[in-house]
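Worksheet: one structure, shown below.
The values are calculated or read from the model by the stated rules, or taken from the named source; none is laboratory data. Since the model is a prediction, treat every value here as computed from it, not as a measurement. All Cβ positions, glycine included, derive from the backbone under ideal geometry; neighbour counts span all protein chains shown.
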Amino acid sequence: MPLLIACKGKSGFSAKNTAEDVTEGIDGHGLTAIITGPTSGIGLETARVLALRGVHVVMAARNLEAASKCKETIIKGCPSATIDVMELDVSSLASVTKFANEYISKGLPLNILICNAGVMAPPFSLSKDGIESQFATNYLGHFHLTNLLLDTMKHTTRSCGQEGRIVLVSSVVHRLTYKEGIMFDKLNDEKRYNVTCKF
Ligand SMILES: NC(=O)c1ccc[n+]([C@@H]2O[C@H](COP(=O)([O-])OP(=O)(O)OC[C@H]3O[C@@H](n4cnc5c(N)ncnc54)[C@H](OP(=O)(O)O)[C@@H]3O)[C@@H](O)[C@H]2O)c1
């Protein structure tokens, strides 16, 4: 693990670097980003640093109260930050559709979509759509969200002449599937649900 932290990638950065290091000198004014799961951890820090660099940040959160508090905290540290909070429960396809429709109806551009919200090895449960909740949250909801916002991103790219970015925040644990890979026909089978990882 220490090797991984010290090792610089092609970008010249390593896991030792902060989001502020990586974005130093970058002017994000004129860009708009959606980030899911912005109320803690990686999402909150990403939202803070994007806002610090001038990006208009849309915090897509299921807990609006928590997101509003996070927004206030970021603005306290960076009064010029432009941040909106919108409701999104990424585990519910209906909520994703509602979020995307609302976003599109606002006529906002979209340069960066960061699919960060996630849950890790929760007890077995099904989402509102009857899909195993971890798969519904970490994968399906974000897939649906990306599909619904793709045209907005393409339109933004064409009008501003700058490539967009879709960032899927994931985990190395995705490598630890069953040897058959994802068994789509057994996804919702509680008996096959196994949250123990062997690194
Ligand atoms: N931290 C790590 O070491 C690590 C390692 C590998 C991968 N990752 C990945 O990195 C991402 C962020 O991880 P983190 O450690 O920063 O997580 P975290 O602190 O637990 O934050 C997760 C965020 O996702 C939100 N979220 C969860 N379910 C949601 C839903 N159904 N709808 C909308 N938002 C939802 C949470 O919102 P609430 O406040 O409402 O709960 C929270 O804002 C995740 O995708 C995770 O799998 C993290």
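Could you please find all residues in the stretch 10-41 being within 16 Å of the ligand (Cβ to nearest atom), farther than 30 Å from ARG158 by Cβ and not hydroxyl-bearing (Ser, Thr, Tyr)?
Within the stretch 10-41, ALA15, LYS16, ASN17, GLY41 qualify.
Can you pull out every residue in the stretch 75-92 that is β-branched (Val, Ile, Thr) and more than 14 Å from the ligand (Cβ to nearest atom)?
Hits for the stretch 75-92 are ILE75, THR82, ILE83.
All but one of (1) surrounded by fewer than 20 Cβ atoms within 10 Å (Cβ to Cβ); (2) over 11 Å from the mean Cα position of the chain (by Cα) hold for TYR139; state the number of the condition that does not hold.
(2)
Report yes if some residue within the stretch 96-115 is part of a loop (DSSP other than H, G, I, E, B), modelled with pLDDT of 95 or more, within 14 Å of the ligand (Cβ to nearest atom) and buried (at least 22 other Cβ atoms within 10 Å of the Cβ); otherwise report no. Please lay out each step first, then the result.
Within the stretch 96-115, the first condition is being part of a loop (DSSP other than H, G, I, E, B), and the residues that meet it are 107-111.
Subsequent filtering for residues that are modelled with pLDDT of 95 or more retains 107-111.
Add one more test, that the residue is within 14 Å of the ligand (Cβ to nearest atom), and what stays is none.
The answer is no, given that none of the residues of the stretch 96-115 is part of a loop (DSSP other than H, G, I, E, B), modelled with pLDDT of 95 or more, within 14 Å of the ligand (Cβ to nearest atom) and buried (at least 22 other Cβ atoms within 10 Å of the Cβ).
Got at least one residue in the stretch 116-130 being farther than 19 Å from ALA94 by Cα and touching an Asp or Glu at 6+ places or on another chain (Cβ under 9 Å)?
yes
Can you spot a residue in the stretch 152-163 that is surrounded by fewer than 19 Cβ atoms within 10 Å (Cβ to Cβ), without any contact (Cβ under 8 Å) to a residue 24 or more places away in the chain and either touching a strand residue (DSSP E or B) at 6+ places or on another chain (Cβ under 6 Å) or part of a loop (DSSP other than H, G, I, E, B) (or both)?
Yes - at least one qualifying residue is present in the stretch 152-163.
Out of the residues in the stretch 183-197 that are exposed (fewer than 12 other Cβ atoms within 10 Å of the Cβ) and under 26 Å from the mean Cα position of the chain (by Cα), which is farthest from LEU140 (Cα to Cα)?
THR196
Which of the residues spanning the stretch 71-83 are outside any helix (DSSP H, G or I) and touching a residue at least 24 places away in the same chain (Cβ under 8 Å)?
Once the filter is applied, which keeps residues that are outside any helix (DSSP H, G or I) and touching a residue at least 24 places away in the same chain (Cβ under 8 Å), the stretch 71-83 yields CYS78, SER80, ALA81, THR82, ILE83.
Can you say whether ALA136 is within 14 Å of the ligand (Cβ to nearest atom) and part of a loop (DSSP other than H, G, I, E, B), as far as the supplied structure shows?
When the stated conditions are applied, ALA136 does not pass them.
Conditions (1) under 15 Å from the mean Cα position of the chain (by Cα); (2) at negative phi, marked per residue:
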position: VAL22; (1), (2): no, yes
position: GLY41; (1), (2): yes, no
position: VAL49; (1), (2): yes, yes
position: LYS71; (1), (2): no, yes
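Within the stretch 116-133, track down each residue that is surrounded by fewer than 20 Cβ atoms within 10 Å (Cβ to Cβ) and outside any loop (DSSP other than H, G, I, E, B).
LEU126, SER133
State whether one or more residues within the stretch 164-176 are basic (Lys, Arg) and modelled with pLDDT of 95 or more. Write out each step before concluding.
Narrowing the stretch 164-176 to residues basic (Lys, Arg): 165, 175.
In the following step, the residues that additionally are modelled with pLDDT of 95 or more were identified as 165.
There is at least one residue in the stretch 164-176 that is basic (Lys, Arg) and modelled with pLDDT of 95 or more.
Only residues that are of a type in the set (S, T, N, Q) and under 30 Å from ASN194 (Cα atoms): list them for the stretch 98-122, please.
Residue satisfying the conditions is ASN116 alone.
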